[in-house]
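The values are calculated or read from the model by the stated rules, or taken from the named source; none is laboratory data. Because the structure is a prediction, the values reported are computed rather than measured. Cβ placement follows ideal geometry from the backbone for every residue including glycine, while neighbour counts extend to all protein chains displayed. Side chains are part of the model used for accessible areas, which takes the heavy atoms of the whole protein and leaves out ligands, DNA and RNA. Shrake-Rupley method; radii C 1.70, N 1.55, O 1.52, S 1.80 Å.
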Amino acid sequence: MENLVVVVLGLTENQLTDQVFKLVAHSSCHIVDARVNTTATHITMTLLIGGAWNTIAKFETLIKKYEGQVLVARTQFRAAQPDNFPYSSYIVAPDTSDVLAKITQFLSEQEVTLYNLHIESYKAPITEAAMLGISLSFGFTAHHLVADFREHFIVFCDENNFDVAMEPQKN
């Protein structure tokens, strides 16, 4: 099985989403993971596509007609990491420009592998303060004690005025 990462940026008016997914189907590939976001004028897509080498090659040929709107790279799945403990976290933080830099720096300093990050901005009920809801999935090696990491993470969040929940990933 071969894998391909595809990143698309285009205008919403040209039905790019429909066209890209048709190319995936036409080439007999399958979607492993997909993220699609739209604004009033643009669409962004991040896809992980899987298939046999010949179906991936067919998709790569077909997608070339969107050159300038698409980045494509062959990739492999992350190798199994049986010595890593997978965790999920949800952080609520004020929407400031340095929030994500602080969080990613902390995780890097703790030698934590970031698997997934999703951010949504919103207005808080009642006060309408600008807020961020940050979903993380990450893993850390067995040489970390879970209790020590959790304590450092909670202290870090408290010091930065973030509210945090952390739990092991179960699926």
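Summary table
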{"read-out": "Pairs with Cβ under 8 Å, 6+ apart, first in segment 36-47 and surrounded by fewer than 11 Cβ atoms within 10 Å (Cβ to Cβ), second assigned to a strand (DSSP E or B) and of a type in the set (Val, Ile, Thr)", "value": "ASN37/ILE43; ASN37/THR44"}
{"read-out": "Segment 142-162, subset open to solvent by 100 Å² or more (accessible area, probe 1.4 Å) and charged (D, E, K, R), residue farthest from ASP98 (Cα to Cα)", "value": "GLU151"}
{"read-out": "Hits in segment 120-141 - residues which are under 29 Å from ALA80 (Cβ atoms) and open to solvent by 60 Å² or more (accessible area, probe 1.4 Å)", "value": "none"}
{"read-out": "Any hit, segment 92-101, residues being at pLDDT 95 or above, touching a helix residue (DSSP H, G or I) at 6+ places or on another chain (Cβ under 8 Å) and not aliphatic (A, V, I, L, M)", "value": "no"}
{"read-out": "Tabulated pairs, segment 102-115, first over 18 Å from ALA142 (Cβ atoms), second assigned to a loop (DSSP other than H, G, I, E, B) and open to solvent by 20 Å² or more (accessible area, probe 1.4 Å), C-beta under 8 angstrom, 6+ apart or interchain", "value": "LYS102/ASN160"}
{"read-out": "Selection within segment 65-89 - small (Gly, Ala, Ser) and in contact (Cβ under 8 Å) with a residue 40 or more places away in the chain", "value": "ALA73, SER88, SER89"}
{"read-out": "Unique match (being closer than 30 Å to LYS123 by Cα and out of contact with any helix residue (DSSP H, G or I) (no Cβ under 8 Å at 6 or more places or on another chain)) among LEU47, LEU9", "value": "LEU9"}
{"read-out": "Strands (runs of 3 or more DSSP E) completely within segment 70-139 that count 3 or more residues being within 17 Å of GLU167 (Cβ to Cβ)", "value": "84-94, 113-123"}
{"read-out": "Some residue of segment 57-69 being out of contact with any Phe, Trp or Tyr (no Cβ under 9 Å at 6 or more places or on another chain), assigned to a loop (DSSP other than H, G, I, E, B), more than 30 Å from ASN14 (Cα to Cα) and open to solvent by less than 90 Å² (accessible area, probe 1.4 Å)", "value": "no"}
